[in-house]
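Bear in mind that the values in this text are calculations on the coordinates, not laboratory data. If you're wondering where the values come from, they're calculated on a predicted model, not measured in any experiment. Every residue, glycine as well, gets a Cβ built from its backbone with ideal geometry; the counts of neighbours run over all protein chains shown.
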Amino acid sequence: METSWATFGADLHLELAGNRGRVALERVLREAVQTGRLHPGTRLPSSRALSRDLGVARNTIVEAYGQLVAEGWLTAVTGSGTRVAERVMAAPSPPPAAPAPRAVRYDLRPGHPDLSSFPRTAWLAAARRAVGSAPTEAFGYGDPRGRPELRDALAGYLARARGARTDPERIVVCTGFTQALSLVCAVLAGRGATTMAVEEFGHASHRRLVTGHLRARAVPIDAQGALVDAFGDADAALLTPAHQFPLGMALAAERRTAAVRWAADAGGLLVEDDYDGEFRYDRQAVGALQALAPSSVVYAGTASKTLAPGLRLGWLVLPAHLVDDVVAAKLGADRHSGVLDQLTLAALIESGEYDRHVRRCRLMYRQRRDRLVATLGERAPHVRVTGLAAGMHAVVELPCDVDEADVVARAARRGLAVQGLGDFGAGAVGGARADGARADSARADGRAPALVVGYGTPPAHAFTTALARLAASL
């Protein structure tokens with residue numbers, strides 16, 4: 001169809017190419033207003049005149065004007081005609097810049113699983129079963145604690161695999177550990193708590209989250225884990241007892257007992273971050289601290305390491321006296337977590353596929369750990385590798401005269417992402433140690449410079465090259 005032009009106002013042209021329907025007319029008028037070609041207050045032709053100029057049915061013009069009036073682009077006043085509405089005209093946004101090419105080709109930073117190992121086939125099968133059998137009410141607004149199918153499945157799994165003592169009524173499903181910790185901290189602050197003891201090495205993001213609600217007190221760590229005696233008069237303590245992040249030791253049995261005793265005597269609360277408790281290589285996995293004192297320990301677990309962070313599925317096992325307050329906080333945060341993934345995870349656990357997947361991943365990560373140790377032993381014998389008993393990362397201790405930042409920079413020039421131990425120290429977010437001193441880096445804490453190397457992230461085909469680049473950087 002031949003292009004048609006209508007002229008009105010100060011030499012302003014309206015072009016309809018091909019499609020002469022109402023939607024096309026609305027689009028070109030809207031664009032003319034958005035780009036400033038039609039200024040606020042400009043009077044438009046009558047529907048009769050524009051119909052004649054464009055060769056379009058008058059009803060089409062009337063409907064297009066009416067739609068744009070309803071959207072606020074135009075105004076129509078009896079006796080005054082149709083005009084461009086008065087509005088603040090924002091300058092057109094420039095086109096987004098092309099993203100810079102990614103310099104990182106290989107990633108050995110800790111805290112991430114191998115995403116290529118996600119059990120797609122089993123997940124899809126579980127999703128089909130879950131959606132097909134779900135009651136209709138499951139797709140509405142539900143219990144803030146989460147779907148009962150998942151809470152039932154988790155109660156059985158945690159008792160079997162992690163030794164946790166609970167019942168489904170005390171489980172709250174969250175969108176990952178970040179939300180779980182945020183809910184607990186908000187509830188504690190609302191109850192008058194002021195201080196949480198936090199291990200001096202850990203995720204900086206977790207410390208920042210804590211300090212959004214409470215004062216964080218950094219607790220020193222030795223070969224047996226966190227120094228429980230340094231909790232002092234804190235109201236709560238955040239621990240990684242099964243596998244300290246990032247140093248790698250398990251909290252010694254006597255420290256576990258001491259932590260539970262501190263909670264009982266001081267009326268404190270222990271928050272157990274069991275981020276990768278399923279992955280133990282030297283013996284049976286260390287059981288959950290929560291089993292020793294269910295009334296004093298909040299157990300926090302997640303599917304981020306066993307499956308994938310993108311699922312945003314985590315869970316809290318709560319003491320009975322915290323359930324109502326945490327549920328209320330969850331209700332205010334996001335009402336409830338996504339239903340479809342909850343139902344699917346429940347089906348995956350109940351079918352046994354989740355356990356089988358965890359066993360496969362445990363074997364895979366153990367083999368990767370062994371390859372890491374062998375490669376560094378052969379090509380970088382001057383370093384010492386620790387924290388090997390569990391998890392998906394290890395600590396590579398460097399000679400005392402080597403600078404962490406220099407090694408990280410050398411690795412980056414080879415397209416390899418790694419992190420120094422100093423990134424995880426309390427000083428990274430300005431935390432205060434329990435003894436009043438500052439922990440500004442791993443060296444300030446008296447520890448040797450080190451890298452925290454995650455061997456879970458690279459897919460299998462890239463792992464050998466990533467190790468070679470790490471060895472070259474060392």
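Only one entry in Val373, Val358, Val407 is among the β-branched types (Val, Ile, Thr), closer than 30 Å to Pro119 by Cα, in a helix (DSSP H, G or I) and within 29 Å of the chain's Cα centre (by Cα), namely Val358. In this structure, is Gly420 free of Cβ contacts under 8 Å to residues at least 24 places away in the same chain and of a type outside the set (A, V, I, L, M)? No, not satisfied. Quick one: Leu292 ticks every box in (1) touching a helix residue (DSSP H, G or I) at 6+ places or on another chain (Cβ under 6 Å); (2) closer than 27 Å to Pro144 by Cβ; (3) without any contact (Cβ under 8 Å) to a residue 60 or more places away in the chain; (4) surrounded by fewer than 23 Cβ atoms within 10 Å (Cβ to Cβ) except a single one, so which number is it? So Leu292 meets the others, but not (2).
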